[in-house]
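Reviewing the structure listed below.
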Amino acid sequence: MPSELRPSQALRLWHDVSLDLVRDGKPDLSSRQTVVLLTVYLEPPPHTVRGLAAKLGVTKPAITRALDTMGKFGLLTRRRDESDRRNVIIQRTVEGALAVERLGDFIVERHRELPL
């Protein structure tokens, strides 16, 4: 059963994990980019630009900008849907899976270190 966090502990956890991400030498992601990344890796595919925009309540250009940046980092790729050329399918990559796993490891480790 997950332990219940006080607001101050939750903020400390968020701070410490964010600090780990800044210090790890990997590219920094914005909050929007992180949510897109986690949505693609934690929810079952397929994922499209249109679908992500609707799910996250942002515009398609906002999703496209986030995907452009994450694509440069190798965290995911895009391809045109051959059955409906209007759709762009977002695909997972090994580098992206490792980044998500690393984020999960940081969260678990920092949670263990929280004072009771």
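The values are calculated or read from the model by the stated rules, or taken from the named source; none is laboratory data. It should be emphasised that the depicted structure is a prediction, and the values quoted were computed from it without experimental measurement. Reconstructed Cβ throughout: ideal geometry from the backbone, glycine too, with neighbour counts over all protein chains shown. With ligands, DNA and RNA removed, areas are computed over all heavy atoms of the protein, side chains included. Shrake-Rupley method; radii C 1.70, N 1.55, O 1.52, S 1.80 Å.
Some notes on this structure:
- Which numbered condition residue 116 fails, given (1) over 30 Å from residue 8 (Cβ atoms); (2) not in a helix (DSSP H, G or I): (1)
- Scope region 4-33; condition touching a residue at least 24 places away in the same chain (Cβ under 8 Å), under 11 Å from the mean Cα position of the chain (by Cα) and open to solvent by 40 Å² or more (accessible area, probe 1.4 Å); matching residues: 29, 30, 32
- Here the condition is being closer than 21 Å to residue 28 by Cβ, open to solvent by 30 Å² or more (accessible area, probe 1.4 Å) and assigned to a helix (DSSP H, G or I); of 77, 69, it holds for 69 alone.
- Identity of the residue in region 93-116, of a type in the set (Lys, Arg) and farther than 16 Å from residue 29 by Cα, that ends up surrounded by the most Cβ atoms within 10 Å (Cβ to Cβ): 110
- Verdict on residue 55 being basic (Lys, Arg) and part of a loop (DSSP other than H, G, I, E, B): no
- Filter pass, residue 39 being at pLDDT 95 or above, open to solvent by less than 30 Å² (accessible area, probe 1.4 Å) and under 30 Å from residue 114 (Cα atoms): yes
- Odd one out for residue 90 among (1) crowded, with 16+ Cβ neighbours inside 10 Å; (2) free of Cβ contacts under 8 Å to residues at least 12 places away in the same chain; (3) among the aliphatic types (A, V, I, L, M): (2)
- Checklist (1) within 19 Å of residue 102 (Cα to Cα); (2) modelled with pLDDT under 95; (3) among the charged types (D, E, K, R) applied to residue 78, failing item: (1)
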